[in-house]
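Okay, structure first, notes after.
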Amino acid sequence: MGTVVDDTASVEFHAFFERHYAELSRLAHLLTGEADTADDLAADALLALWHRWDRVRAADHPVAYARGVVANLARTRIRGAVRERRRIALFWSQREERTENPDVAGVVDVQEALRRLPFRKRACVVLRHAFDLSEKDTALALGVSVGTVKSQTSKAMAELQRLLGTREVPQRVHAAVGTAARGDTAAGVRKRSGGAEGRDR
């Protein structure tokens, strides 16, 4: 008789997977800058959710819980990538990286600009302006206070305005969701420094 509960949980999880996998993958892409590993991060997050599904299904905001798992996995991946680059730098002479075809207008691509932000600022901007989450839902996903979301988002937007040279930052960040979904910038991102390496705080 116990299989009835298991079957119900399986059906619920499958529905959750179908409904939110694409969104979680886009979130992973925008947080890490790595289009080719975003699907893996989303899958890892959902696997972790399945292992604790009883807790997730009982949560007040299961989707916020899922976004938090993705954010934590993304943070861990970025930290690992930064450590690896530092190890490599011990063996190879450092050289300044430049894009092969710099933009003559000096406008930085949205994903490049996001990569320069510390992780928490980047996560706040992505969730608020790319995924249209409220300050409360963003706070739930990141496990921080609403005040922290307001402060980090405000500072991040000012920094992005400086990097992008435009005040239309919310619109451009929002448009990045569609780009991430199509994978249009995957090649460009891979040609650069291999993902997000903004200060991880």
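The values are calculated or read from the model by the stated rules, or taken from the named source; none is laboratory data. What you see is a predicted model; the values in this text were computed from it and never measured. Backbone-built Cβ (ideal geometry, glycine too); neighbour counts: all protein chains shown. The accessibility values were calculated without ligands, DNA or RNA, using every heavy atom of the protein model including side chains. Shrake-Rupley method; radii C 1.70, N 1.55, O 1.52, S 1.80 Å.
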Inset, instruction - Return the carbon/sulfur percentage of the accessible area of the stretch 108-166, one whole number, probe 1.4 Å, all protein chains in place. - result: 45 percent
Legend entry - Length gained when the stretch H51-D7 is fully extended (0.36 nm per residue, less Cα-Cα span): 14.4 nm
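For the stretch 1-67, which trypsin sites (Lys or Arg not before Pro) pass both filters: DSSP loop (anything but H, G, I, E, B) and at most 15 other C-beta atoms within 10 Å? Before the final figure, lay out each step's value.
Working: sites: R19, R26, R52, R55, R57, R67; in loops: R52.
Here the trypsin sites (Lys or Arg not before Pro) that fit, given the DSSP loop and packing criteria, are R52.
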Inset, instruction - Net charge near A45: determine it from the other residues with C-beta under 13 Å of the C-beta of A45, scoring Lys and Arg +1 and Asp and Glu -1. - result: +1
Legend entry - Calculated log₁₀ intensity ratio I(q)/I(0) where the Debye formula runs over C-alpha points of the stretch 108-166, q = 0.16, 0.18 Å⁻¹: -0.43, -0.53
Inset, instruction - Compute the FRET efficiency between D44 and V146 as 1/(1 + (r/R0)^6), taking r as their Cβ-Cβ distance and R0 = 22 Å, and round to the nearest 0.05. - result: 0.20
